[in-house]
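Engineer: Please find one structure pasted underneath; my questions will follow.
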Amino acid sequence: MAIEHENFKNMESSQDMTRPQIDKMDPRYIAACIRQLPALADSKEVEIIKVMEKEVLSTSLGGDMIDKEKLAIKASLKDILAHLGDSSYTHAQGRQTVAEVAGIINATIVSGQEKLQELDKGKPVLFSANHLGVYKLAGLTPEDLSEIGFKSEHDIPDIYYSPIPFYAPFYPVAKQLGDDIYMAALEEPGLLGELSRATGYVDVPPSADMLPGFDGTGPGRVEMLSLKFL
């Protein structure tokens, strides 16, 4: 999949319009994306999962919630993979899965709902928030992805965290504002990244010094990201 840094014809900018395209399926680019992702080879990652398991899986209710969440994510990925190329369908499927996962985990606005009344309905909002590590309990292994229909192109070392459990807890906020909700985060590798973008995910590219062929003169990650919105 080749991306042109979003240099539209009507864009008035001093940016160099002769920059080469970035092939997001280039193995070197995929490797740069992979280096950004969490991996079970990291002992800290394993420790975080153990803490989450102790807190969340201590009851049958918590275990059932995670099982249902993981099944919903797998079913959604399989459906999006089968319809990749149909942007209307994949976008709608992504929105549906966010709502489904929010329902599974009983996402609710506990306090501060009155603050939402100060915002215009249907107006875009950039929401920056921290999150708990519960999403890690719904991680997918290479074996999980193979069951969905991926082959060697899934390009993950040992675990894949779907972005949806990251931001589905904030679905009630978006619903109150009459907005859809999307996530902007580190770019996922290869076909996984393509699937996430098909649902509206905004990917943040690897830092410039990690990009293939970087010589110090190409666009940096902030520039590449900002050009998406110009």
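FYI, it's all coordinate maths here, none of it is from the lab. Because the structure is predicted, anything quoted here is derived from the model rather than measured. Neighbour counts run over all protein chains shown; Cβ positions are idealised from the backbone, glycine included.
Engineer: Going by amide H atoms built from the backbone, whose H comes under 5 Å of the H on I22, apart from near neighbours?
Structural biologist: Residues meeting the amide H criterion: I3, H5.
Engineer: Can you order the peptides 94-106, 162-174, 75-87 by their average number of other Cβ atoms within 10 Å per residue, highest first?
Structural biologist: With the highest mean Cβ count within 10 Å placed first, the list reads 162-174, 94-106, 75-87.
Engineer: If Lys and Arg each add +1 and Asp and Glu each add -1, what is the summed charge of the other residues whose beta carbon sits under 12 Å from the beta carbon of S87?
Structural biologist: -1
Engineer: I would also like to ask the following. In nm, what is the difference between 0.36 nm times the number of residues separating V202 and K68 and their Cα-Cα distance?
Structural biologist: Residue separation times 0.36 nm, minus the Cα-Cα distance, leaves 45.7 nm.
Engineer: Once you put a point 7 Å from the Cα of K50 and another 7 Å from the Cα of A184, both along the Cβ direction, what distance in nm separates them?
Structural biologist: 3.7 nm
Engineer: Give, in nm to one decimal, the length gained when the segment between D86 and F166 is fully stretched (0.36 nm per residue of separation minus the Cα-Cα distance).
Structural biologist: Contour length minus the Cα-Cα distance gives 26.4 nm.
Engineer: Ok, one more. Tell me which residues come under 5 Å, amide H to amide H, from L37 once H is placed; ignore anything under 5 positions away on its chain.
Structural biologist: Hits under the 5 Å cutoff: none.
Engineer: Can you list the residues, at least 5 places off or on another chain, whose amide H is less than 5 Å from the amide H of V202, using H built in the peptide plane?
Structural biologist: M183, A184, A185
Engineer: Right, something else. Place the peptides 121-132, 195-206 in order of packing, highest mean first, counting for every residue the other Cβ atoms within 10 Å and averaging per peptide.
Structural biologist: Those peptides, ordered most packed to least, come out 195-206, 121-132.
Engineer: Which stretch or stretches of the range 156-197 have amide N atoms under 17 Å from the point lying 7 Å from A75's Cα along the Cα→Cβ direction?
Structural biologist: 164-165
Engineer: Quick one, what does Rg over Rh come out to for the range 27-209 if you take C-alpha atoms and the Kirkwood Rh?
Structural biologist: Ratio value, two decimals: 0.96.
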